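A short write-up of the structure that comes next.
The values are calculated or read from the model by the stated rules, or taken from the named source; none is laboratory data. Quantities reported herein were computed from a predicted structural model and do not represent experimental measurements. All Cβ positions, even for glycine, are placed from backbone atoms using ideal geometry, and neighbour counts span all protein chains on display. Accessible surface areas use protein heavy atoms only, side chains included; no ligands, DNA or RNA. Shrake-Rupley method; radii C 1.70, N 1.55, O 1.52, S 1.80 Å.
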Protein chains: 2
Amino acid sequence: MSNWYLQNGKESDVVLSSRIRIARNLKKYPFPSVYRKEDAKMISDEIENVTPSLGYGLKFLKLKDIDDVTKMSLVEKHIISPDFALSKNEYAGLLINEEENICFMINEEDHIRMQVFATGLELDNLLKLAIEIDEKLENFVVYAYSEKYGFLTSCPTNVGTGLRASVMVHLPGLSMTGNIQKVLDVVNNFGMNIRGIYGEGSKSQGDIYQISNNQSLGITEEETIQKIKKITEKVIEQERMARKVLGKNTIDLEDMVYRAYGLISNARKISSNECRNLLSQIKLGTDLGIIKELDDSKVNKLNLYTMPANLQKYVGKPLNGYERDIKRAEVIKQIIG
Amino acid sequence: MSNWYLQNGKESDVVLSSRIRIARNLKKYPFPSVYRKEDAKMISDEIENVTPSLGYGLKFLKLKDIDDVTKMSLVEKHIISPDFALSKNEYAGLLINEEENICFMINEEDHIRMQVFATGLELDNLLKLAIEIDEKLENFVVYAYSEKYGFLTSCPTNVGTGLRASVMVHLPGLSMTGNIQKVLDVVNNFGMNIRGIYGEGSKSQGDIYQISNNQSLGITEEETIQKIKKITEKVIEQERMARKVLGKNTIDLEDMVYRAYGLISNARKISSNECRNLLSQIKLGTDLGIIKELDDSKVNKLNLYTMPANLQKYVGKPLNGYERDIKRAEVIKQIIG
């Protein structure tokens, strides 16, 4: 079975993936911003000891034992945060399973950030899984918790449920029809965050945006999920309408996506940035059934293995920027087949 | 047997084609700038009557009987001049054979402009053929000739031999290495004309240039040909050196030509201008043995049938600009196969 990020799921034409992250802290230690080295060590040890009892095939890894390319490959998959990958905390750790659909960051901004991932729009099942894991872990540790506020966290924005749910959405249609800013504004006014995952503001490279809640206090986990689902469904609807509009000018749309396909499949060297933009158009082309030469699985592989660190994982050796651009073009041809 | 412009010949990696044009006028009529309608008619009639005796499979056609698309297709092949295609002279005529390697323009700037064409660098044989045809015709008509100046022509620049010899050269290497202007200057200082055949000056679309003599007085036909051959060989040498320089950066060169190939073979609509530029890079790619997917014959076909009028001849019906851009992309795919 391939990893979740290589699969397609519900509403995968627009929703690339769903994630739920729960921030927890252990009652007996200060928050990371103020704790001593020894606290970090004891937290890491506690979690490491509990790992076998949690199940799910989770394994405990010390961050410092993981090589830089592997760390960056996890960042590219959005499995760990960029800040965490660069963490100098010698007791930073990971709990991760083979499928990579569960990943805990230990000694990040909070003591524990447990995350669950799935392809497509899958927030309900993810919430069930996250609660299940959370309850299991609670059998072994005591969380910092206030009757008044809920779960306590390093940063006040996470206090309450400690929950951050998010979906990654691919919005080339809204971008091309010029309606993206309007949709971003609506989502933001709805009490959600939406931002480009590459680059700032409304000009997202690859037309990929992340929608997430910005409220965790005075709201239940279920309410949070329902709210995100509702706004995501609106965004999906808007994106599909935009694609329909583009589809009215069939030849222009076909021309655009096939030129992108022609470039990516024939280039002899290509940057990661150029790939993001071409693959955005190519995914639109396969999702609309225009590009016959590629299926979803190949598009997912192209998206993953053209990123700098995952490319190096794919070829199994470190490469500098120039070598990567050349190897990337070769790997693309291999994947397209 | 396919027409000369679809074949490859000597030095075809740089020299696309050779042409010799001889300007002649009939002694008993005034020059076209001053003659009466009746003169034009009589010239046309005389040549039409002589046509069967000339041989070479030549047929006489009245220009007014030729549809606009066919006329423009001849202009695109450089077989007739753009001015002649637009001529309002109702006695303008063509003598042309099936192979289209011989074409007389009747009642153009001069009474008779006989032209012979060949692919590649073929000036010696063309001169032989041109002289042979000229001598044959002289059996039937009396040319305007002065012992002092030679053949008399409408425009003083053609007086003497009446001969204009030219070669079309493809200079992408010199263009990319930035040495094109230097080479243009040298050729011009050598008493030759060199100019971009599309667009003005040194920025020739498709990197195609025409080298021709600008002297026809006080020089023999053979001397003219030798002079052009000599300068053309220099240009070929320079262009090949430039390609060698480009070839040192193999991956960049491969990337450029394959991106051009990827675009042209995948576009769903494409303008004639974009084709000229992409095909220039693609021809460089096939000439250097980089692009394996195409042979010379396909490149020649692509060059010809992507031009507006020849595209319409290829598909056998008139198309407006928008339709052409779409059909052009289809025809490209058919030719690439």
Fill in the blank from the handout: All conditions in (1) in contact with a Phe, Trp or Tyr (Cβ under 9 Å, 6 or more places away or on another chain); (2) hydrophobic (A, V, I, L, M, F, W, C); (3) surrounded by fewer than 15 Cβ atoms within 10 Å (Cβ to Cβ) are true of A:LEU184 except (3)
Practice task
Could you tell me which residue of segment B:269-285 is surrounded by the fewest Cβ atoms within 10 Å (Cβ to Cβ), considering only residues that are more than 14 Å from chain A (Cβ to nearest Cβ) and among the polar types (S, T, N, Q)?
Solution key: B:ASN273
Fill in the blank from the handout: All conditions in (1) within 30 Å of A:ASN49 (Cα to Cα); (2) of a type in the set (Phe, Trp, Tyr); (3) open to solvent by 70 Å² or more (accessible area, probe 1.4 Å) are true of A:PHE151 except (3)
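Please tell me if B:LEU63 is more than 23 Å from B:SER18 (Cα to Cα) and either modelled with pLDDT under 95 or open to solvent by less than 40 Å² (accessible area, probe 1.4 Å) (or both). Reasoning before the result, please.
Details: more than 23 Å from B:SER18 (Cα to Cα): yes; either modelled with pLDDT under 95 or open to solvent by less than 40 Å² (accessible area, probe 1.4 Å) (or both): yes.
For B:LEU63, the condition - more than 23 Å from B:SER18 (Cα to Cα) and either modelled with pLDDT under 95 or open to solvent by less than 40 Å² (accessible area, probe 1.4 Å) (or both) - is met.
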Completion exercise
Of the listed residues (B:LEU58, B:LEU54), the one being hydrophobic (A, V, I, L, M, F, W, C), surrounded by 18 or more Cβ atoms within 10 Å (Cβ to Cβ) and within 30 Å of B:LYS317 (Cα to Cα) is B:LEU58
Completion exercise
If you go through A:ASN300, A:ASN249, A:ASN310, the only one that is farther than 24 Å from B:MET256 by Cα, open to solvent by less than 20 Å² (accessible area, probe 1.4 Å) and among the polar types (S, T, N, Q) is A:ASN310
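Count, please, the residues in segment A:246-276 that happen to be more than 16 Å from A:LEU16 (Cβ to Cβ) and in contact (Cβ under 8 Å) with a residue 60 or more places away in the chain.
Of all residues in segment A:246-276, those more than 16 Å from A:LEU16 (Cβ to Cβ) come to A:246-274.
Of the ones still in play, those that are also in contact (Cβ under 8 Å) with a residue 60 or more places away in the chain are A:246, A:264-265, A:267-270, A:273.
Selection size over segment A:246-276: 8.
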Completion exercise
Every listed condition ((1) open to solvent by 70 Å² or more (accessible area, probe 1.4 Å); (2) farther than 30 Å from B:GLU11 by Cβ; (3) in a helix (DSSP H, G or I); (4) not hydrophobic (A, V, I, L, M, F, W, C)) holds for B:THR70 save (1)
Exercise for the section: Tell me, yes or no, whether segment A:3-18 has at least one residue that is farther than 30 Å from A:LYS283 by Cα and touching a strand residue (DSSP E or B) at 6+ places or on another chain (Cβ under 9 Å). Expected result: no
Handout entry: Selected residue (criterion: modelled with the lowest pLDDT) from residues of segment B:230-268 that are touching a Phe, Trp or Tyr at 6+ places or on another chain (Cβ under 8 Å) and either away from chain A (no Cβ under 14 Å) or not in a helix (DSSP H, G or I) (or both)
Key = B:ILE231
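Answer yes or no as to whether A:ASP39 is open to solvent by 30 Å² or more (accessible area, probe 1.4 Å) and assigned by TED's automatic domain parsing to the domain that holds A:SER212.
On the way: open to solvent by 30 Å² or more (accessible area, probe 1.4 Å): no; assigned by TED's automatic domain parsing to the domain that holds A:SER212: yes.
For A:ASP39, the condition - open to solvent by 30 Å² or more (accessible area, probe 1.4 Å) and assigned by TED's automatic domain parsing to the domain that holds A:SER212 - is not met.
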Fill in the blank from the handout: Quick count over segment B:1-49, residues being over 26 Å from the mean Cα position of the chain (by Cα) and within 19 Å of B:ILE102 (Cβ to Cβ), is 2
Practice task
Determine the pairs where a residue that is within 11 Å of chain B (Cβ to nearest Cβ), located within segment A:323-337, has a partner that is open to solvent by 50 Å² or more (accessible area, probe 1.4 Å) with Cβ atoms under 8 Å apart, the partner being 6 or more residues away or on another chain.
Solution key: A:ASP325/A:LYS269; A:ILE326/A:LYS269; A:ALA329/A:LYS269
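I'd like to check something: does segment B:44-54 contain any residue that is β-branched (Val, Ile, Thr) and in a loop (DSSP other than H, G, I, E, B)? Spell out the reasoning first.
In the first step, residues of segment B:44-54 are kept if they are β-branched (Val, Ile, Thr); the result is B:47, B:50-51.
Still in the list and also in a loop (DSSP other than H, G, I, E, B): none.
Within segment B:44-54, not a single residue is β-branched (Val, Ile, Thr) and in a loop (DSSP other than H, G, I, E, B).
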Exercise for the section: Test B:ILE211 against the criterion of being open to solvent by less than 70 Å² (accessible area, probe 1.4 Å) and farther than 14 Å from B:ARG164 by Cα, and give yes or no. Expected result: no
Fill in the blank from the handout: The number of residues in segment A:202-229 that are on the phi < 0 side of the Ramachandran plot and part of a helix (DSSP H, G or I) is 10
